[in-house]
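Reading through the structure tokens given below for one structure.
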Amino acid sequence: MKVALFFHALLGGGVERVMINLARGFVSRGLEVDMVLGRVTGPLLDQVPPGVRLVDLGVSRMHSALPGLVRYLRRERPQALLSALDHSNVIALVARALARVPTRVVVSIHFNTAQVIQHATSLRDRLLRVWTYPTYTYWADAVVAVSQGAAEDLIRYSRIPPEKIHVIYNPVVTPELFRAAEEPLEDPWFAPGEPPAILGVGRLTAQKDFPTLIRAFGLVLKEQPARLVILGEGEERPGLEALVQELGIADRVRLPGFVSNPYKYMKRASVFVLPSRWEGFGNVLVEALALGTPVVSTDCPSGPAEILEGGKWGRLVPMENPRALANAILATLSEPGPPPGLRERMVERFGLENVVDQYLAVLGLK
């Protein structure tokens, strides 16, 4: 049996890592796996598992991928196709209709609908319910939401029948995660005996709200020595660098940019912090917890509260509140370590094997 995974490119985001992990899991179950991309490019290209065939549609914008995807479906006729993100999802559904093939198409939602609409900066996002959700309602065989909060939000903002929506958490905990975390890290800030290293990871965008983390870190420094590293790249970099200078903490803060292996940093960090205004799920929280690193997160919609089971596995704080975030970081730094049973719980809920089973069922391949 053949399954196709359809999305734009192998960029450095959480969605792309999820699709790579799913591809690895499908291959391990004996499926033929095609990764059908708008363009075969991106920093995660070298992480594509052996046995996965890359199909390059050769387009820079996803709306241009429609003819190529139609030809692919007619030629290869995979039993199932899984797409990710709205622009890819709509193209996948239209392509299946034009190709007139029996391929089962499942679309996946990796964000919080209300927040995307509320913070929309493009006409496409503002019209999300108009141009996207009718196709899901009538043409998708199933819709996967990556958290219960994302599913509830999707139901609230669309007419998709609830029985068509399946909540499947992201397959974050894999053997590759633990192997990558063991790679050597040549960074003196994370060496034993150094002041605590606080870590943030994500795109430098308004959604991730790293200004709140930087301001909270400034408050932490008034109580004890520490250092802050934020891994990621994005349009907010100039503003973040200016804020660091304004607070006079440039010697304690680094923004190294995108790194292909953030896990070796996660494993050695004293605290991992997610300061987001919204998420679809929050892969990085699970990754840090699985590696035994204490975490602090905003209680943003949606995902973190589900991952942390209401605060059982890490502190939840209000969004955009530097003082509350600083207090949580300081309290976490004073604790001896993660609670017992943490790694086992992360494997149970977010391990690759369990998640692959759920996807195979939804894709009709089990």
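At-a-glance table
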{"quantity": "Dipole magnitude (debye, nearest 20) for region 1-83, charges at Cβ of Lys, Arg, Asp, Glu", "calculated": "240 debye"}
{"quantity": "Mean Cβ count within 10 Å, highest first, over the residues of peptides 13-25, 349-361", "calculated": "13-25, 349-361"}
{"quantity": "Helix axis angle, 352-362 relative to the chain longest principal axis, alpha carbon, degrees", "calculated": "30 degrees"}
{"quantity": "The chain: angle of helix 86-99 to the longest principal axis, Cα-based, in degrees nearest 10", "calculated": "10 degrees"}
{"quantity": "Listed residues 327, 146, 66: farthest to the positive end of the dipole of the chain (Cβ charges)", "calculated": "66"}
{"quantity": "Under 5 Å, built H, 5+ apart or other chain: amide partners of residue 35", "calculated": "5, 53, 54, 55"}
{"quantity": "Pair residue 71, residue 94: separation of 7 Å Cα→Cβ label points (nm)", "calculated": "1.8 nm"}
{"quantity": "Kirkwood Rh in Å, taken over region 123-257 so that all alpha-carbon pairs contribute", "calculated": "18.5 Å"}
{"quantity": "Percent accessible area from carbon and sulfur atoms, region 313-366, protein chains only, probe 1.4 Å", "calculated": "52 percent"}
{"quantity": "Note, ³J(HN,Hα) from phi for region 319-329, Karplus 6.51, -1.76, 1.60, rounded to Hz, x at Gly and Pro", "calculated": "6, 6, 10, x, 5, 4, 5, 4, 4, 5, 5"}
{"quantity": "Residues whose placed amide H lies under 5 Å from that of residue 109, excluding near-sequence neighbours", "calculated": "144, 145, 146"}
{"quantity": "Dipole axis of the chain (+1 Lys, Arg; -1 Asp, Glu on Cβ), positive-most option in 342, 281, 244", "calculated": "281"}
{"quantity": "Relative contact order of region 1-125, defined on C-alpha pairs under 8 angstrom at six or more residues apart (%)", "calculated": "25 percent"}
{"quantity": "By average C-beta atoms within 10 angstrom, highest first, the peptides 215-226, 286-297", "calculated": "286-297, 215-226"}
{"quantity": "Inter-label distance, nm, simple model (7 Å from Cα along the C-beta direction), residue 79/residue 237", "calculated": "4.5 nm"}
{"quantity": "Dipole magnitude (debye, nearest 20) for the chain, charges at Cβ of Lys, Arg, Asp, Glu", "calculated": "1100 debye"}
{"quantity": "Three-way shape label, the chain, alpha-carbon gyration tensor, a/c 1.5", "calculated": "prolate"}
{"quantity": "Pairs from 208/366; 208/267; 208/264; 222/264 whose Cα-Cα separation, in the structure shown, is over 26 Å", "calculated": "208/366; 222/264"}
{"quantity": "Distance in nm between pseudo-label sites at residue 354 and residue 27 (7 Å out along the Cβ direction from Cα)", "calculated": "2.5 nm"}
{"quantity": "Three-way shape label, region 239-366, alpha-carbon gyration tensor, a/c 1.5", "calculated": "prolate"}
{"quantity": "Spatial separation of Cα centroids for region 292-350 and region 196-228, in angstrom", "calculated": "15 Å"}
{"quantity": "Theoretical FRET efficiency, 1/(1+(r/R0)^6), r = Cβ-Cβ of residue 41 and residue 347, R0 30 Å, to 0.05", "calculated": "0.40"}
{"quantity": "Percentage relative contact order, region 149-278, counting C-alpha pairs under 8 Å, at least six apart", "calculated": "33 percent"}
{"quantity": "Summed side-chain charge close to residue 98 - residues other than residue 98 whose Cβ falls under 12 Å, Lys, Arg +1, Asp, Glu -1", "calculated": "+4"}
{"quantity": "Distant-in-sequence amide H partners of residue 315 (H built 1.01 Å from N, under 5 Å)", "calculated": "295, 297"}
{"quantity": "Estimated vicinal HN-Hα couplings, Hz - region 212-223 in sequence order (Karplus 6.51, -1.76, 1.60; Gly, Pro = x)", "calculated": "5, 5, 5, 5, 4, 4, x, 6, 4, 4, 6, 9"}
{"quantity": "Karplus 3J(HN,Hα) series, Hz, for region 41-52 with 6.51 cos²θ - 1.76 cosθ + 1.60 (x for Gly, Pro)", "calculated": "7, x, x, 9, 4, 6, 9, 5, x, x, x, 9"}
{"quantity": "Global form of region 1-119, assessed from the alpha-carbon gyration tensor, a/c cut-off 1.5", "calculated": "rounded"}
{"quantity": "Heavy-atom surface of the chain, accessible at 1.4 Å and reported per residue (Å²)", "calculated": "41 Å²"}
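The values are calculated or read from the model by the stated rules, or taken from the named source; none is laboratory data. In this text, all values refer to a predicted model and were calculated from it rather than measured experimentally. As a convention, Cβ positions derive from the backbone with ideal geometry for all residues, glycine included, and neighbour counts pool all protein chains shown. Quick note on the areas: whole protein, heavy atoms, side chains included, nothing else; ligands and nucleic acids left out. Shrake-Rupley method; radii C 1.70, N 1.55, O 1.52, S 1.80 Å.
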